[in-house]
1. Quick one: in the stretch 158-176, which of the residues that are of a type in the set (Asp, Glu) and surrounded by 24 or more Cβ atoms within 10 Å (Cβ to Cβ) is nearest to ligand 2 (Cβ to nearest atom)?
2. If you go through the stretch 286-307 one residue at a time, how many are of a type outside the set (Asp, Glu) and in contact with a strand residue (DSSP E or B) (Cβ under 8 Å, 6 or more places away or on another chain)?
3. Just one of (1) without any contact (Cβ under 8 Å) to a residue 40 or more places away in the chain; (2) loosely packed, with under 13 Cβ neighbours inside 10 Å trips up Pro197, so point out which.
4. In the stretch 1-48, how many are closer than 22 Å to Ile120 by Cβ, in contact with a Phe, Trp or Tyr (Cβ under 9 Å, 6 or more places away or on another chain) and part of a helix (DSSP H, G or I)?
5. Name, by its number, the condition in (1) crowded, with 20+ Cβ neighbours inside 10 Å; (2) of a type outside the set (Gly, Ala, Ser); (3) at positive phi that does not hold for Asp22.
6. If I go through the stretch 55-68 residue by residue, how many of them are surrounded by 11 or more Cβ atoms within 10 Å (Cβ to Cβ) and without any contact (Cβ under 8 Å) to a residue 40 or more places away in the chain?
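Just so you know, all these numbers are worked out from the coordinates, no wet-lab data involved. Values in this document were obtained by computation on a predicted structure and should not be read as measured data. All Cβ positions, even for glycine, are placed from backbone atoms using ideal geometry, and neighbour counts span all protein chains on display.
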Amino acid sequence: MPERIIYSEDHVLHNPPFEIYDGVKDPYAEDPARMTSIVDAIIQAGGVIEPPQQFPDSNLLRVHHPAYIDFLRQRSASLKEGEPFYPSYFILDTYAPMVKGTYDAARASVDVALTGAQAILDGENLVYALCRPPGHHAQNRAMSGYCYFNNASIAADFLSEKGSVAVLDVDLHHGNGTQEAFYERPDVLYSSLHVDPAVKFPYSTGFTDEIGKREGIGFNRNTPLAIGTTDSEYSDALSGEIEYIARFDPKFLVVSLGFDTYDKDPIGAFRLTEPYYRQMGEVIRGLGKPTLLIQEGGYHVEDLGKLAVSFLEGVR
Ligand code: Q9C
Ligand code: ZN
């Protein structure tokens, strides 16, 4: 179990009733109960949870445009209690509804990530930042796919002041926002394994030919995998990326940790099993780097806690 696990209750302020797909309203998959499932399982397994510290906006401003931050803050505040808003600008898709508490929840999620990053700088070897809302789809000036601020990018950028960083993204979906944040940087390697974007969200990025730009060439890696990917197929692909990261030899590792790769995930596409997450954790531990875990997706509310504990038993 990680020595430090950071969590803010403010995530409950973000609770949109619906997401919209093809003009049809569906219940919001990124449910606050996701956190309850993980927190309960961690406490059951003997973990200790602590609240975040507050960090200044300067860290947020290194990843997000001030006009976007202002928009999120002001538009959230302008909403009535219980009134959802479906933005049509500063957004990439239809999966980032806003409510009155969206800014406050997203801002607290950034503090959770930064508190985790600071703990790593203070010498901790393994820290779990229980971020909600998640972040890896959020871009410089756009929300996307249940994400508002890019927690993993903000934390990785913060760590990068003290040394090179590898971001390993094992969420089911390609982290389009994180890729964008570091696309031209050689000091932050981004490696993502995800469902083939030709057939699943986010559709427009996550292909193998996106290798970085200018000085960043060779420091962006995408591994799209087929719908139906199994434990052993995933494991083979992951080993390849672990080797690449080992050769890069970063000072710090950030893991964008999604459990939507689970076989029973309601919006999933892969077939990963509960025991496999322990193995995934072990392989990541094998890199031997100070590691910050950032919670991303995973929507099977009932099983999420078990999946997180299985992973933590492996990564330790
Ligand atoms: N009606 C993360 O996992 N497509 N975001 C949902 C279901 C959007 C996922 C389709 C998926 C966004 C952080
Ligand atoms: Zn996802």
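1. Going through the stretch 158-176, the residues of a type in the set (Asp, Glu) turn out to be 161, 169, 171.
Checking the rest, the ones that are also surrounded by 24 or more Cβ atoms within 10 Å (Cβ to Cβ) come to 169, 171.
On the way: Asp169: 9, Asp171: 4 Å.
Residue satisfying both the conditions and the ranking: Asp171.
2. Taking the stretch 286-307 and keeping what is of a type outside the set (Asp, Glu), we get 286-295, 297-301, 304-307.
With the extra rule that they be in contact with a strand residue (DSSP E or B) (Cβ under 8 Å, 6 or more places away or on another chain), the set shrinks to 287, 289-295, 298, 300, 307.
Here the count works out to 11.
3. Going through the list (1) without any contact (Cβ under 8 Å) to a residue 40 or more places away in the chain; (2) loosely packed, with under 13 Cβ neighbours inside 10 Å, Pro197 breaks only (2).
4. Qualifying residue count, the stretch 1-48: 4.
5. Here Asp22 clears every test but (1).
6. Within the stretch 55-68, the first condition is being surrounded by 11 or more Cβ atoms within 10 Å (Cβ to Cβ), and the residues that meet it are 55, 57, 59-66, 68.
Checking which are without any contact (Cβ under 8 Å) to a residue 40 or more places away in the chain leaves us with 57, 61, 66.
Selection size over the stretch 55-68: 3.
Conditions (1) among the β-branched types (Val, Ile, Thr); (2) within 14 Å of ligand 2 (Cβ to nearest atom); (3) over 29 Å from Thr94 (Cβ atoms), marked per residue:
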| site | (1), (2), (3) |
| --- | --- |
| Thr178 | yes, yes, no |
| Ala181 | no, no, no |
| Val188 | yes, no, yes |
| Ser191 | no, no, no |
| Pro202 | no, yes, no |
| Thr205 | yes, yes, no |
| Arg214 | no, no, yes |
| Phe219 | no, no, yes |
| Thr223 | yes, no, no |
